[in-house]
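These notes are about the structure you will find just below.
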Amino acid sequence: MAELAQKNAPPETIMGYTRNMFQTQGVRGFFTGCTPAIVQVIPYMGISFAMYDYLIRFSERTSVGNAGIAGSIAGATSKIIVHPLDTVKKRVQSQTFGELGMMSGGRKAAVDAAASTIRKSKPSYDGMSDCIIKIAREEGIQGFYRGLVPSVLKTMAGTGLTFAFFTLTKNTLESIHDNRIAEKERLSLVKDDLSDKKINRKNAI
């Protein structure tokens, strides 16, 4: 029994998963869930940037703190709106790794019994449309929003930090640029002043 569990244990490395996926599903396995991922990311990014721009549009120079707050709000809003599509994407993609690949206890002798339970409790999905239909029929609307809270919290942190570091970098580069321009203008004024003094001296002579 232990030998069987060892044989059926999931890969432990990225290369192991890559090899296993190619052997069992071919090249197509690497693109599983591509359609819902693309359908989800387009409105997600659009809403996120639109909301962020709306929140900071009255600031001439956005502070890092305000950018982080605006980014968190934008990320949370966009994630709540597109979460149903994110659920579909994850449901479809999770099948690629196989039932045993999703288990952390694959090395234990109880792996076969647990895998059998997963087969019975989790239906397989034949693409995006089939996944949407099965979730709606078997779980209802709430099925599309499972895991919403941790997903939103993660997105708030990630998006907030992204816009905060973006703003920090942008403000730093703008300050460096402005300082260089100011220094060039100062040197130009000094040069013009010296030229005027030379001209005045010549005229005085």
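The values are calculated or read from the model by the stated rules, or taken from the named source; none is laboratory data. None of these values were measured; they are calculated from a predicted model. No Cβ is skipped: glycine too gets one built from the backbone with ideal geometry, and neighbour counts run over all protein chains shown. All accessible areas refer to the heavy atoms of the entire protein, side chains included, with ligands and DNA or RNA removed. Shrake-Rupley method; radii C 1.70, N 1.55, O 1.52, S 1.80 Å.
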Rounded to the nearest 10 Å², the 1.4 Å probe accessible area of GLU139 is 40
Among 171-178, 30-37, 158-165, how do they line up by average Cβ neighbours within 10 Å per residue, starting with the highest? 158-165, 30-37, 171-178
For ASN179, placing the label point 7 angstrom along Cα-to-beta-carbon and taking the stretch 47-69, residues whose amide nitrogen sits under 18 Å are 64
Highest to lowest packing among 41-52, 83-94, scored as the average C-beta count within 10 Å: 83-94, 41-52
Under unit Cβ charges (Lys, Arg +1; Asp, Glu -1), what dipole magnitude, rounded to 20 debye, does the stretch 126-188 have relative to its Cα centre? 160
